[in-house]
Structure formats: C-alpha cells, structure tokens
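Presented below is the structure to which this report refers.
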Amino acid sequence: MSGPAAPDFIRYLAAKKGLDDRSLNRQVWDTLAQALRDRPDSAPLRVLEVGCGIGTMLERLLDRGLLTRAAYTGIDVAPEFIRVAAQRLHGYAAARQAPLTVDAGGAMHFATPAQDVRIVFAAADLFDFLDRQPGKSAWDLLVAHAVLDLIDLPTALPQLLSRLAPGGLFYFSLNFDGATILEPPIDPALDALIAALYHRTMDTRRDRGRPAGSSRTGRQLFGRLQAAGARVIAAGSSDWVVFPGPDGYPGDEAFFLHFIIDTIGQALEGHPELDRSRFQSWIDQRHRQIEARELIYIAHQLDFLGYIEEKEM
C-alpha cells in the first residue's frame, strides 16, 4: 500500500488480528506447519514477509511455534507501520517475559528456551526492495498476508518467487476473491450495484502508474502461480465472517466494520452511477446497523501454500 498510514488504519490492522486468526484456512496452515517441522536443513529458516504491516503475522508465527530458529525480514512501504511493528514486538516480548535485544544495526533478537529468532523490519517499496536484492538472494519461506490483492500479480509474482531458495515455500494468505456480502439488505438492487462498483475500483486501481490489484486475486492466483512455475500443495477459503454475538462484536471488530463501510464510502464518493444522497443514506444506514449490532459482513478470500518446481537440466 502507498500513501500515509493514518492512525485509524493502524487501529484497523490491529482490530482485524483476531478476525484473521480465526479466518486463516486451517488445512493450509497445518500443511505449512508440518512442512516446516519436516524441513531437513538445520540452518535458521530465512523468512521474508512482504507487506508486513504492523507485525501481526510475525506474532502469529511466533505464537504458534512456526519460528524456532529463524531469520525474519518484514518489509512494508509505510514507515509508520514499521515503527508500530517494532513497538508491538517489544510489547509482545515483555508480555511473555522473553528477552528482546537490539543490535547496533537495529536487528532485534527474540529468544526463549524454544525459539531463537533474528528480526529485521524495514520500510521499503516492494519493487525497490526486490531491485536491491538480486536473484542470488534466497529465502526459505516467502509470506504475503492480505497484500497480493493490492499489487500487480503479473509483474510482482515472478520476481517474488524467483527469490525462493530450492525447496523454499510460499504462504499467501487472505487473498480477496470477489465477494463482499453485507446483511441484512437495505435495497437489494442498490446493494448489488455498490458491491459491483466497489470491486471495480479494485480492478482499476493504480499505484505510481502501475496496476495495483484485482477483486479476483484469489482465483487468479491458481493460474498465475502455475504460469510462474509454482506448485500449489494446499489451498482453501479464508473468509472473513464478522457477526454480533450475545455480547456484540468481538474485540474491536465494530470499529473494523465502521472502517470497512467508510472505505466503501471513500472509494465510491461522487461516483457517476450512484445518486449522491441515496448512497450517503446507504452509508449512514450501514453504520447504524453496526451500532445496533445488526450488520453481518462476509468477504471471500483464499489461502495458498506451495513451492517452485525445480527445472530439469
């Protein structure tokens, strides 16, 4: 993502951590965990996460024991996110009474009896980072969480996959796949039009003159990965499903829903196919549904795990 990282967006990333935790496809995750356990190499696992945001995936990898001996690098274009990721990691370590040291170069070292992980966060544009990292640079695990639907797959995917070491794995999670569902309906025809126009903004989005994502990234990844010489070994849905329970929405997910509605509103503000007052009324009503603990939100997404097939000599 580009542009300034507003404080509300940082809160949004934090608010959706629990939602992401329960949405990630369990079969894909378990296959990744088993593959890492079965890894024959005794050297530290070299991990690159692109679009690492505020570090929630790193926390998840540490929490669930997927990183034992590892060297992790997380990059994101927003310096604000990188600062928050480092702050959160210090809080994460303190809450677990785990030592976290920082060397002269800024790398952090997280150590417990079961884990020994060197961590580097860097503010960098994905393409600039790849240009600075020649093809010889190799990673054992490439992670992209909720980010591939924000970049141009035909351009970025071959470059990313070329950085994997022989036998290395890619784990691409929460890739949006063309369904935004809001219940209860307000006006079925208007609801459908707004969803279609919102998805169209994803298909026409550009970042610094480059295409930037698609509303059907999930399904497109099957073909794009195959074309790049990759083999998918596990895939499955990772839908976001947000609904109010007896005590309302979990955690900060009411804020998350308000943020989603505001995002739709900003994306379609002034759209020529929408009557301005009617659309604003729709936005206001969706916000009221959240306050009344009525709104249900579903977004269809897909997770992928795989590797690059070795070329025959």
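Taking the condition among the hydrophobic types (A, V, I, L, M, F, W, C), open to solvent by less than 20 Å² (accessible area, probe 1.4 Å) and over 21 Å from L142 (Cα atoms), does A107 pass?
No.
Within region 237-260, the set of residues being in contact with an Asp or Glu (Cβ under 6 Å, 6 or more places away or on another chain) and of a type outside the set (A, V, I, L, M) comprises just one member, S238. Scanning region 34-80 for residues that are open to solvent by 10 Å² or more (accessible area, probe 1.4 Å), in a helix (DSSP H, G or I) and in contact (Cβ under 8 Å) with a residue 12 or more places away in the chain yields a count of 6.
Got at least one residue in region 153-176 being closer than 30 Å to F243 by Cβ and open to solvent by 10 Å² or more (accessible area, probe 1.4 Å)? The answer is yes; a qualifying residue exists.
No other residue among R278, R293 is in a loop (DSSP other than H, G, I, E, B), among the basic types (K, R) and modelled with pLDDT of 95 or more apart from R293.
Of all residues being touching a helix residue (DSSP H, G or I) at 6+ places or on another chain (Cβ under 9 Å) and more than 13 Å from F279 (Cα to Cα) in region 184-198, which is most open to solvent (accessible area, probe 1.4 Å)? Just the residue, please. If we take residues in region 184-198 being touching a helix residue (DSSP H, G or I) at 6+ places or on another chain (Cβ under 9 Å) and more than 13 Å from F279 (Cα to Cα), then P185 is most open to solvent (accessible area, probe 1.4 Å).
Please work out if A267 is in contact (Cβ under 8 Å) with a residue 40 or more places away in the chain, in contact with an Asp or Glu (Cβ under 7 Å, 6 or more places away or on another chain), closer than 30 Å to T155 by Cβ and open to solvent by less than 80 Å² (accessible area, probe 1.4 Å). Break it down stepwise before answering.
Values: in contact (Cβ under 8 Å) with a residue 40 or more places away in the chain: yes; in contact with an Asp or Glu (Cβ under 7 Å, 6 or more places away or on another chain): no; closer than 30 Å to T155 by Cβ: yes; open to solvent by less than 80 Å² (accessible area, probe 1.4 Å): yes.
It is false that A267 is in contact (Cβ under 8 Å) with a residue 40 or more places away in the chain, in contact with an Asp or Glu (Cβ under 7 Å, 6 or more places away or on another chain), closer than 30 Å to T155 by Cβ and open to solvent by less than 80 Å² (accessible area, probe 1.4 Å).
Somewhere in region 119-133, is a residue free of Cβ contacts under 8 Å to residues at least 24 places away in the same chain, open to solvent by 20 Å² or more (accessible area, probe 1.4 Å) and basic (K, R)? Yes: region 119-133 contains one or more residues that are free of Cβ contacts under 8 Å to residues at least 24 places away in the same chain, open to solvent by 20 Å² or more (accessible area, probe 1.4 Å) and basic (K, R). Exactly one residue out of D8, D41 is modelled with pLDDT under 95, closer than 18 Å to V117 by Cα, of a type outside the set (S, T, Y) and out of contact with any strand residue (DSSP E or B) (no Cβ under 6 Å at 6 or more places or on another chain): that is D41. Please work out if I283 is outside any loop (DSSP other than H, G, I, E, B), closer than 24 Å to D21 by Cα and modelled with pLDDT of 95 or more. It is false that I283 is outside any loop (DSSP other than H, G, I, E, B), closer than 24 Å to D21 by Cα and modelled with pLDDT of 95 or more.
Checking each residue in region 226-259 for being aromatic (F, W, Y) and open to solvent by 50 Å² or more (accessible area, probe 1.4 Å) picks out only F243.
Here Y92 clears all of (1) in contact with an Asp or Glu (Cβ under 7 Å, 6 or more places away or on another chain); (2) within 22 Å of F304 (Cα to Cα); (3) of a type in the set (F, W, Y) except the condition numbered (2).
The values are calculated or read from the model by the stated rules, or taken from the named source; none is laboratory data. Fair warning: this is a prediction, and the values are worked out from it, not measured in the lab. Cβ atoms come from the backbone with ideal geometry, glycine included; neighbour counts cover every protein chain shown. Each accessible area value is taken on the protein alone, full model and side chains, heavy atoms only, with ligands, DNA and RNA left out. Shrake-Rupley method; radii C 1.70, N 1.55, O 1.52, S 1.80 Å.
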